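The values are calculated or read from the model by the stated rules, or taken from the named source; none is laboratory data. Small disclaimer: the values here were computed from a predicted structure and weren't measured. With ideal geometry, Cβ positions are generated from the backbone for all residues, glycine too; neighbour counts draw on all protein chains shown. All accessible areas refer to the heavy atoms of the entire protein, side chains included, with ligands and DNA or RNA removed. Shrake-Rupley method; radii C 1.70, N 1.55, O 1.52, S 1.80 Å.
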Amino acid sequence: MSTTLTPRRARPPAQPTTLRARRLPAYAAPVIAVAALLLAAGLVYGAGIGGPVLVVVVAVLLYLAGLFGAANAVEGRRSARNRLWSALIHSAFVLAVLPLASVVWTLVSKGAERLDADFFGTSMNNIGARDANGGAYHAIIGTLEQVGIATLITVPLGVLCAIYIVEYGRGRFAFAIRFFVDVMTGIPSIVTGLFVLAFWVLIVSPWFNDGRPGFSGFAAALALSVLMLPTVVRSTEEMLRLVPAPLREGAYALGVAKWKTILRVVLPTALPGIVTGIMLAIARAAGETAPVLLVAGGGAAINFNPFENNQSSLALFVYQQAGEASKYSPARAWTAALTLVALVLVLTVAAKLLARRNRLGR
């Protein structure tokens, strides 16, 4: 018996495998963006149907379409969809940042005109419409005193109220507190000013002013505290709810009392978020005009006593200067607005640094 051996056919050489997919070059996106901008400008200005805003809108649409088409042709449909959504996310970020950058640029460019010692060292007392001098020293003092008193009133009440709702509150009473806090969140500032005017200025203040109602910075602080309270309560409540339950349970297992657990464990853990909520409330109070106008009356002179006589604030100063019939008033208004924003920024950064230091020090 003989066997015949057939030779095996030679296999073709194996092709090298690679995990790399085809990708658009790095310069593709900028080239598409420039081309979309030029094409949009040609379409809009050529047809005479709009201005720069419409050019940007059309350019964004053309860029998204061009990017999707190029990525679909080179990388495939899946990668094209990924690039499209990434571009949409980046566009939304730019769209959100542009108004903020515009506001900051406007404040800095127009508010830098009166950034001098006279503006921060003098008031508007005896300043006429043709006088280029005058400053906001009295308004800065009023803002610091009113917001400071409102913070001293609001923060303990708001934090304690949030602790009760989260840690102790059960049943209808806690539900009622939460409901009224939510209702207070939407109260207009003018309503709080009218409430303090009707209660404190017209009823309570005559007892301390020989039977005559009197405006004061303290009345403005009361109105601002009503506006700040719901923000502090709601933000503190949410931060306390985010504290993990095992932290509380671990403290209880070691025999630590509940009040001490809240003071030593829960509050320090939630402190950064609580500080953020407090600073949001302070920023809102510092920018309110109607309550200060109704119950503090405003004024051009410096008043260091928040419990007697009229007192102004930076927000009210901006409102008054913006309505003055003087060519020097707009510069004062812009500088006061820049000062108010800078003041809130400094307070926010200081509070954040303090909360971070306390957290790292534990």
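For a modelled paramagnetic label at Ser326, 7 Å from Cα along Cα-to-Cβ, the residues of the range 100-116 in reach, with backbone nitrogen under 15 Å, are 114. Spacing of the modelled spin labels on Ile187 and Leu95, each 7 Å from Cα toward Cβ, amounts to 3.6 nm.
Across all C-alpha atoms in the chain, the radius of gyration and Dmax reach 31.4, 137 Å. Debye-formula intensities of the range 30-119, expressed as log10 I(q)/I(0) at q = 0.20 Å⁻¹, are -0.98 (one equal scatterer per alpha-carbon, no solvent). Taking Cα atoms only, the orientation of helix 137-163 departs from the longest principal axis of the chain by about 70 degrees. Per residue, the accessible area of the range 24-112 comes to 65 Å² when a 1.4 Å probe rolls over the protein heavy atoms.
At 222 nm, what value in deg cm²/dmol follows for the chain if DSSP H runs of at least 4 each add -39500 (n - 2.57) and the sum is divided by all its residues, to the nearest 500?
-22000 deg cm²/dmol, from helical runs alone.
Can you tell me the relative contact order of the range 230-362? Whole percent, Cα pairs under 8 Å, sequence separation 6 or more. Intermediate results must be reported in sequence, preceding the final value.
Values: 111 pairs, mean separation 31.7, N = 133.
Answer for the range 230-362 is 24 percent.
Averaged per residue, the range 188-293 has 47 square angstrom of accessible surface, using a 1.4 angstrom probe with ligands and nucleic acids left out. Amide hydrogen proximity for Leu24: with H placed 1.01 Å from N in the peptide plane, no residue at 5 or more positions away or on another chain lies under 5 Å. For the range 257-319 versus the range 68-127, the inter-centroid distance based on Cα atoms is 28 Å. Within straight-line reach of Lys352, meaning a Cα separation under 20 Å, sit the following aspartates and glutamates at least 8 residues removed in sequence or on another chain: Glu237, Glu238.
Tell me the relative contact order for the range 24-112 as a rounded percent, counting alpha carbon contacts under 8 Å between residues six or more apart. Don't jump to the answer; show the numbers that get you there.
Numbers: 55 pairs, mean separation 20.4, N = 89.
The value is 23 percent.
Summing Lys and Arg as +1 and Asp and Glu as -1 over all other residues whose Cβ lies under 11 Å from the Cβ of Ile163 gives a net charge of -1. Split the accessible area of the chain by element, probe 1.4 Å, and carbon with sulfur accounts for 68%. Dipole check for the range 142-217: with +1 at the C-beta of Lys and Arg, -1 at the C-beta of Asp and Glu, and the Cα centre as origin, the magnitude is about 240 Debye. Extending 7 Å from Cα along the Cβ direction at Leu263 and again at Ala129 yields two label points whose distance is 6.1 nm. Backbone geometry of the range 318-323 corresponds, through the Karplus equation with coefficients 6.51, -1.76 and 1.60 at θ = phi - 60°, to 3J(HN,Hα) couplings of 4, 4, 5, 5, 5, x Hz, x marking Gly and Pro. Taking the chain as a Gaussian network of alpha-carbon nodes connected by springs under 10 Å, the highest mean-square fluctuation of the residues Ile262, Ile89, Ile282 belongs to Ile89.
With respect to the chain, whose longest principal axis is taken over its alpha-carbon atoms, helix 28-47 is tilted by about 70°.
List residues of the range 73-106, by number, whose backbone nitrogen lies under 20 Å from a label position 7 Å along Cα→C-beta of Val349. Under cut-off, by backbone N: 100-106.
For Lys110, list the lysines whose Cα falls under 23 Å from its own Cα; do not include residues on the same chain fewer than 8 positions away. The reachable lysines, counting only those whose Cα sits under 23 Å from Lys110, are Lys327.
At a threshold of 8 angstrom on Cα-Cα distance, excluding pairs fewer than six apart, so keeping six or more, what relative contact order does the range 120-357 reach in percent?
Details: 346 pairs, mean separation 69.4, N = 238.
Over the range 120-357, the number comes to 29 percent.
An oblate overall shape is assigned to the range 102-252, the ratio a/c of its alpha-carbon gyration tensor axes (a ≥ b ≥ c) being 1.5 or greater and a/b not exceeding b/c. Can you tell me the 0 to 90 degree angle between the C-alpha axis of helix 329-361 and the longest principal axis of the chain, rounded to 10? With both axes taken from Cα atoms, the answer is about 70 degrees.
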